[in-house]
């Protein structure tokens, strides 16, 4: 039985109209100017939002030696990066590989993508919300490695359709999208079993994941990438996107993990998930402001106001 279509409300139409207008403006500005525009707006507004207090707490936990002034600068830069990412979103499909200055991307570790494409079969592409994470899927797709990601639908179905259309345009190919949760995990598992490619952003809290260390603290972490990889002996391609300027990026394919299952599956999943967290932490430490610090990654008690 098919699921019923979501009900379209007047509020949805108003929000979609505003989003469509912003999208048209960003397209008209071009990639670099749209990036600058989004960055300026987010840098001005973002640090004043309550969620920035979570970012400040996370920075205090993870990098206490930097101090409050450095933390505030990182938060401003973080918001700017997020605003730039939004501004660049409608232009990703048009970005080309380019070693000169200006909009475009370059790739480090290209040989690992070429090898994986030649090898064929199932694979997992694991990254985090670092730099402009939307750049990684279309770049991999150009090497014949289009992957299907886990996806949280926008609350507004009309806006959600816009986002999905933009991602499809950037990829240049239709790929499935797996909703977060048990249903999506089952669909993703079947996709991997059939030899498909799966994308995982592994840096958000997952209450039904497993506890792994991040910046020295326990953090509930998605374990799907490790579990799927071990079950089907599918390699994990680790990579992240570094921002080099307005709509200008370097995608680094960090390494390819090819784990061999041992006698203790639970221990194998734990060790592989920790390896992923360790790489994520290393990327974040390189450019702290490139990561979204706004999620409650650590135990709830760490965020309670001090008495």
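Each reported figure results from applying straightforward, stated rules to the coordinates on display, with no laboratory input. Only a predicted model underlies this, so the values are computations on that prediction, with no experimental measurement involved. Glycine gets a Cβ as well: all are built from the backbone with ideal geometry, and neighbour counts include every protein chain shown.
Sequence gap at least 6, Cα distance under 8 Å: using those rules, report the relative contact order of the range 7-164 to the nearest whole percent. The partial results should precede the final answer.
Numbers: 124 pairs, mean separation 46.0, N = 158.
Answer for the range 7-164 is 29 percent.
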task: List the relative contact order of the chain as a percent without decimals, with contacts defined as Cα pairs under 8 Å and 6+ residues apart.
output: 24
field: Within the range 168-204: backbone nitrogen closer than 14 Å to the residue 51 label point (7 Å, Cα to C-beta)
entry: 204
- prompt: Quick one: 160, 208, fewest Cβ neighbours within 10 Å first, how do they rank?
  reply: 208, 160
task: Return the FRET efficiency for the residue pair residue 152, residue 114: r is the Cβ-Cβ distance, R0 is 30 Å, and the value is rounded to the nearest 0.05.
output: 0.40
- line: Sorted largest first, the C-alpha extents of the range 104-207 along its principal axes in whole angstrom are 39, 33, 26
- prompt: Could you give the nm distance between label points at residue 8 and residue 33, where each point is 7 Å from its Cα heading toward the beta carbon?
  reply: 3.2
- request: Return P(r) of the chain (all Cα-Cα pairs; 20 Å bins starting at 0; whole %; ordered from short to long distances).
  value: 31, 61, 8
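Return the calculated 222 nm mean residue ellipticity for the chain, to the nearest 500 deg cm²/dmol, obtained by summing -39500 (n - 2.57) across DSSP H runs with n ≥ 4 and dividing by the residue count. Walk me through the numbers before you get to the answer.
Numbers: 10 runs with 142 residues, N = 307.
Result for the chain: -15000 deg cm²/dmol, rounded to the nearest 500.
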task: List 79, 65, 293, 133 from most exposed to least, where exposure is judged by having the fewest other Cβ atoms within 10 Å.
output: 65, 133, 293, 79
message: Test of understanding: express the Cα radius of gyration of the range 52-101 as a ratio to 2.2 N^0.38 Å, with N the residue count.
response: 1.58
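Calculate how many DSSP beta bridges within the chain are antiparallel, expressed in % of all such bridges and rounded to the nearest 5.
About 45 percent, rounded to the nearest 5.
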- prompt: Roughly how many Å is it from the Cα centre of the range 253-296 to that of the range 119-141, as a whole number?
  reply: 15
- request: Figure the gain on full extension for residue 174 and residue 41 (residue separation times 0.36 nm, minus the Cα-Cα span) and round it to one decimal in nm.
  value: 44.7 nm
- request: State the extension gain, in nm to one decimal, for the chain segment bounded by residue 244 and residue 73, taking 0.36 nm per residue of separation less the distance between their alpha-carbons.
  value: 59.8 nm
- line: Final fewest-first order of 96, 80, 187 on the 10 Å Cβ neighbour count is 96, 187, 80
- line: Out of 284, 54, 75, a Gaussian network model of the chain with alpha-carbon springs under 10 Å gives the largest mean-square fluctuation to 54
message: Pick from 134, 174, 88 the residue whose mean-square fluctuation is largest in a GNM of the chain, springs joining Cα atoms under 10 Å.
response: 174
